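A short worksheet on the structure shown next.
The values are calculated or read from the model by the stated rules, or taken from the named source; none is laboratory data. Quantities reported herein were computed from a predicted structural model and do not represent experimental measurements. Cβ placement follows ideal geometry from the backbone for every residue including glycine, while neighbour counts extend to all protein chains displayed. Each accessible area value is taken on the protein alone, full model and side chains, heavy atoms only, with ligands, DNA and RNA left out. Shrake-Rupley method; radii C 1.70, N 1.55, O 1.52, S 1.80 Å.
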Amino acid sequence: MQTYCQSCSMPMTEDKLYGTEKGGEKSKDYCMHCYKEGSFLDTDITMKEMIDFCVAILVKEGWEEEKSRVMLKNSMPFLKRWRQAKPRIEPFYITREGFQFVGIAERTTNMAEITNKGKIPLMWERFYKDGISEQILNLGASSETLALYSDYTSDVSGEYTFSIGKIVTSSVNVPENMMMFNVPTAKYAVFTTEIGPVTEIVPKAWSQIWNWFEKGEVKRTYSGDFECYDAKSTNPHEAQVDIYIAIK
């Protein structure tokens with residue numbers, strides 16, 4: 001499995017590209033350009049400055065500037081260095097009955113999603129361009145769109161199925177280009193994002209959520225998590241999203 005620097009997102013394809021810890025051993029997380037002898041080489045750099053620096057490198061390598069910037073703005077908040085810098089956010093807790101869900105689906109990983117090989121942005125484009133929600137039958141009373149994370153192979157580092165769709169009342173007549181999922185009854189920690197552009201607030205909230213679970217005592221079950229896009233997120237430029245994380 002390819003490893004990416006958790007500071008700048010550079011692929012670390014060879015041993016010589018890894019940074020070092022105080023004892024001289026290779027760092028598990030950071031590249032030689034960001035980290036040496038247990039410390040960051042650029043201790044005062046901000047995430048925005050890091051993005052600007054990386055964009056300049058990608059442009060020299062032939063990438064389009066805007067494409068590079070969007071990719072890094074969406075992915076860098078997930079990297080370990082910048083997750084740790086985020087403040088804790090506090091959820092509220094509810095138990096929600098199980099439900100059936102139909103939508104388009106792809107297998108992916110969090111590591112893939114912080115690179116240019118991520119599938120999730122393309123799935124959102126397809127969802128709206130192809131009118132997926134209008135093709136789903138047997139809709140329930142609720143009108144929200146869900147982005148479901150399910151069928152985890154392990155934890156945040158493993159594969160999962162990402163789906164975008166709607167809650168349904170029946171498993172019959174599922175469109176051929178979609179899948180149906182049974183989401184079990186579960187207790188959830190519900191995190192609410194800031195208000196702002198959806199492409200910025202959701203990645204930022206996920207980085208805070210990862211940090212919250214890393215530093216807290218509450219444990220995830222990985223039985224099914226989802227983002228809820230309801231009336232608060234109809235304007236993609238001034239959206240607010242609730243993120244449901246199944247917990248023990």
Sort out for me the helices (runs of 4 or more DSSP H) sitting completely within the stretch 58-165 that have 3 or more residues that are open to solvent by 50 Å² or more (accessible area, probe 1.4 Å) and either modelled with pLDDT of 90 or more or not hydroxyl-bearing (Ser, Thr, Tyr) (or both).
65-75, 120-129
Restricting attention to the stretch 1-39, report how many residues are within 27 Å of the chain's Cα centre (by Cα) and open to solvent by 60 Å² or more (accessible area, probe 1.4 Å).
7
Pairing a residue in the stretch 47-71 that is without any contact (Cβ under 8 Å) to a residue 24 or more places away in the chain and of a type in the set (Lys, Arg) with any residue that is in a helix (DSSP H, G or I) and surrounded by 14 or more Cβ atoms within 10 Å (Cβ to Cβ), where Cβ atoms lie under 7 Å and the two sit 6 or more apart in sequence or on different chains, gives Arg69/Ile51; Arg69/Val55
Look at Phe78 and say whether it is of a type in the set (Phe, Trp, Tyr), under 24 Å from Gly165 (Cβ atoms) and within 17 Å of the chain's Cα centre (by Cα).
yes
Candidates Thr221, Thr193 - the one that is β-branched (Val, Ile, Thr) and over 15 Å from Thr95 (Cα atoms):
Thr193
Considering only the stretch 40-49, I want to know if a residue exists there that is of a type in the set (Val, Ile, Thr), farther than 24 Å from Ser150 by Cα and in a helix (DSSP H, G or I).
no
(1) of a type in the set (D, E, K, R); (2) in contact with a Leu (Cβ under 9 Å, 6 or more places away or on another chain); (3) at positive phi all hold for Lys166 apart from (3)
Output the qualifying pairs, or none if there are none: Cβ atoms under 6 angstrom, residues six or more apart or on different chains, first residue in the stretch 22-44 and without any contact (Cβ under 8 Å) to a residue 24 or more places away in the chain, second residue open to solvent by less than 60 Å² (accessible area, probe 1.4 Å) and part of a loop (DSSP other than H, G, I, E, B).
Lys22/Gly38; Ser27/Glu21; Gly38/Glu21
